[in-house]
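*Asks:* Just passing along the structure, written as C-alpha cells.
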C-alpha cells in the first residue's frame, strides 16, 4: 500500500514583513479541492503585486499592506487576507 502524499499550505511568507523591499505576500490555493471537500493546498510567495482571481490573494497583518481602500481581515483560519476570505473566493 502506498502512503498518501502530505498535503497542505506551503507558506514562504505570512505578510509583507516577511518579504524584501516593497514586495507583498501573495497566496494561491486550489479552491476546487476545498469546494469538493478535499484538503486545502497551495502556497505563498513574495511578489511585487499579487495575481487576482479565484484562489489568489494577499496575506497581511495590517490594512497598510493592502491596496488603497481594502482592509486586512481575519480568515478565522489562522491568517489574514486583504479583502477577507470572500476576496479569495472570486465571487463564487
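*Asks:* Listed highest first by mean packing, meaning other Cβ atoms within 10 Å per residue, what order do 11-21, 62-72, 79-89 come in?
*Replies:* Top of the packing list down: 79-89, 11-21, 62-72.
*Asks:* With no solvent and one point per C-alpha, what does the Debye sum give as log10 I(q)/I(0) for the range 9-87 at q = 0.18 Å⁻¹?
*Replies:* The computed values of log10 I(q)/I(0) come out as -0.66.
*Asks:* Another question, if that's okay. Computed FRET efficiency, Cβ-Cβ of residue 54 and residue 22, R0 25 Å: what is it to the nearest 0.05?
*Replies:* With R0 = 25 Å, the Cβ-Cβ based efficiency is 0.45.
We did not get these values from a lab; they are worked out from the coordinates using the rules stated. For clarity, every value in this text was computed on a predicted model and none was experimentally measured. Quick reminder, even Gly has a Cβ in these numbers, built from the backbone with ideal geometry, and neighbours come from all protein chains shown.
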